[in-house]
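Notes to accompany the following structure.
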Amino acid sequence: MLLHDIAVGAAALAAVLGLIWLAARLARVGGLARVPQSARMRVVETLVLDARRRAVLIALDGREVLLLTGGANDLVISRLPGDSV
C-alpha cells in the first residue's frame, strides 16, 4: 500500500506542476505576462562571468546602467547614455 500511495502522490504533484507550467505558457502567449512598454526599467542583456558573478545591462529612464552582481558587493560599473548599444 505504501508504494501505491507514493505513486499517487507523485502523479498528483506532476499533474499540478504540469498545470502550472501550462497556465504560465498560456499567459505568455495570451499577452497577460508581458512587461508593458511604458515600464521604466528593463533588463537589456545579461552576461554570466563565472559561477557567481554576472554583468547586467539595465535600461532605466532612457539611460543604461551596467551592474556587476554576485560578488561580495553588487557594483555599478558605469552609467551610459540611452541608445548607446
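What follows is calculated from the coordinates using simple rules that are stated; it is not laboratory data. Quick caveat, the model's predicted, so the values are computed rather than measured. Backbone-built Cβ (ideal geometry, glycine too); neighbour counts: all protein chains shown.
Numbers for the structure displayed
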read-out	value
E64, E45 arranged by Cβ crowding within 10 Å, fewest neighbours leading	E45, E64
Correct option for log10 I(q)/I(0) by the Debye sum over Cα atoms at q = 0.12, 0.21 Å⁻¹ [calculated from the coordinates] among [x] -0.53, -0.94; [y] -0.36, -0.97; [z] -0.64, -0.96	[z]
Between helix 2-30 and the chain: long-axis angle, C-alpha atoms, 0 to 90°, nearest 10	40 degrees
Charged-residue dipole, Cβ positions (Lys, Arg, Asp, Glu), the chain about Cα centre, Debye nearest 20	160 debye
Residues L2, L19, L60, sorted so that the one with the fewest Cβ neighbours within 10 Å comes first	L2, L19, L60
Added length on full extension, which subtracts the Cα-Cα distance from 0.36 nm per residue, A55 to A7	12.9 nm
Packing-based exposure ordering (other Cβ within 10 Å, fewest first) of I77, I58	I77, I58
Spin-label model distance (nm) - L22 vs A39, 7 Å beyond Cα toward Cβ	2.7 nm
Amide H partners (placed H, <5 Å) of E64, local residues excluded	L80, G82
